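What follows is calculated from the coordinates using simple rules that are stated; it is not laboratory data. As the structure is a prediction and not an experimental result, all values here were calculated from the model. When we count neighbours, we look across all protein chains shown, and the Cβ atoms used for this are built from the backbone with ideal geometry, even at glycine.
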Amino acid sequence: MNLLSNAERYCSEGGRVRVAVASGRDGAVALSVSDDGQGIPPEHLERIFDRLYQVGDVVKQREKGAGLGLGLAIVKGIVDAHRGTITVRSQVGRGTRFRVALPRAPDERPALPPSPTLAAPP
């Protein structure tokens, strides 16, 4: 939800938010959330996952309903807890794309016993 709400918040008027999910390598799940909004300046990309870090004019962002700068830190924490990865690509004036890859959960279901063979009637 944090990735989606950020994409919607920073999307340009009449812009688009795209969400895609696909099978990744080794059965991993790959999620992509992108927008065609204002983009993130390169000098901020290394810090956007830091708690309380915000890009741009915080006062103006508050007026538009922005949060406290915790959303991406929460996303990163959840992804890390599941041994996944999150990457970001952004271009000022063109938009931003976040990609999350989560490993496939191990198959922990117990093996089913063999089916009993039915004897043919005499």
The stretch 2-102: translational diffusion in µm²/s, Stokes-Einstein, Kirkwood Rh over Cα pairs, 10 °C, 1.306 mPa s: 113
Neighbourhood charge, 12 Å Cβ-Cβ cut-off, centred on residue 3 and excluding it, Lys, Arg +1 and Asp, Glu -1: +3
Signed unit charges on C-beta, dipole axis of the stretch 2-102, positive-most listed residue 4, 90, 27: 27
Summed residue charge, Cβ within 14 Å of residue 24's Cβ, Lys/Arg positive, Asp/Glu negative: +3
J(HN,Hα) series, the stretch 92-104, from Karplus relation 6.51 cos²θ - 1.76 cosθ + 1.60, nearest Hz, glycine and proline x: 4, x, 10, x, 9, 10, 9, 10, 10, 10, 10, x, 5
